[in-house]
1. Contour minus end-to-end for residue 22 and residue 6, with contour as 0.36 nm per residue of separation and end-to-end as the Cα-Cα distance?
2. Rounded to the nearest 20 Debye, what is the dipole magnitude of the chain about its Cα centre when Lys and Arg each give +1 and Asp and Glu each give -1 at the C-beta?
3. Cβ under 12 Å from residue 84's Cβ, residue 84 left aside: what net charge do those residues give with Lys, Arg +1 and Asp, Glu -1?
4. Please compute the net charge surrounding residue 157, taking Lys and Arg as +1 and Asp and Glu as -1 over other residues with Cβ under 12 Å from its Cβ.
5. Order 181-192, 62-73 from most to least packed using the mean count of other Cβ atoms within 10 Å.
6. For the chain, which span is the longest to avoid every loop-located (per DSSP) member of GluC sites (Glu not before Pro) having at most 12 other Cβ atoms inside 10 Å?
7. Put +1 on the Cβ of each Lys and Arg and -1 on the Cβ of each Asp and Glu in the stretch 113-214; which of 210, 172, 146 then has its Cα farthest toward the positive end of the dipole?
8. By a straight-distance test (C-alpha under 24 Å), which lysines pair with residue 59 as possible cross-link partners, with residues fewer than eight away in the same chain excluded?
Amino acid sequence: MIPNRRLILPYAAPYFAYVFIASAFEHQPVESNYLIRLIVVSLLIAWAWKWYFPVTGPKSALGSVAMGMMTGFAGFLLWILLLVPFVSTGDSLPWSDHAFYLRLLSAGCLVPVFEEFFIRGFVLRFALQWDLERKNVQEYPLRNALDEKSVNDVEPGSWSWTALAVSTAVFTFGHHSQEWVAAVAFSLLMAGLWIMRRDLLSCIVAHSVTNVSLAFYVFTTGKWNFW
């Protein structure tokens, strides 16, 4: 068993590297910023993969892909609906073609992988283990969850209300404030998919479909403020 304290880095590094690069290179051209993110975070995911639990679960992988695609499109509609009251619908400058396709590649192939492994894969599972230790009246529930438990041992689809709340909060605060309402709804949607399909594959597919659908929505409508 690899304890959670040792698993924090491989699960969290791609997520925080992506955020750090976005901030540290914000004054660089958008194309350069996204290219650096794609290269660095892809290498980190490749390095960390050996510590991750399998993306598939006890149910059919094909079924999870199909369910993920349907849920992802529903997530896109939900995101747009909940974002409208908080985003200006006025004119906004379009991205260059190179910037758009680099961000599309990042949003469709990279972000769903590292966000789902971190949020649903680590945060939700760790919060569940901490919650169970707390409910069992252990003296040091957080320390026990860090040093005596492994998120890789959690039964697929397991959850608690506390775990849902913690993982949703972490996911939400990783977005801009105008996206918080939409982010809460989307995180709960992904958690529901995790509970129903009992795997991370469906969540990754759904997240990818939502991001790609959103990208093409802003590209075709010109509503770049939504992205």
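1. This chain segment gains 3.2 nm when fully extended.
2. 360
3. Neighbour charge sum, excluding residue 84 itself: 0.
4. Here the count lands on +3.
5. In decreasing order of mean packing, 181-192, 62-73 become 181-192, 62-73.
6. Of all site-free stretches, the longest is 27-138.
7. 210
8. List returned: 50.
Values in this text are rule-based calculations from the coordinates and carry no lab data. All figures in this text were calculated on a predicted structure; none of them were measured in a lab. FYI the Cβ positions are ideal-geometry reconstructions off the backbone, even for glycines, and counts take in every protein chain you see.
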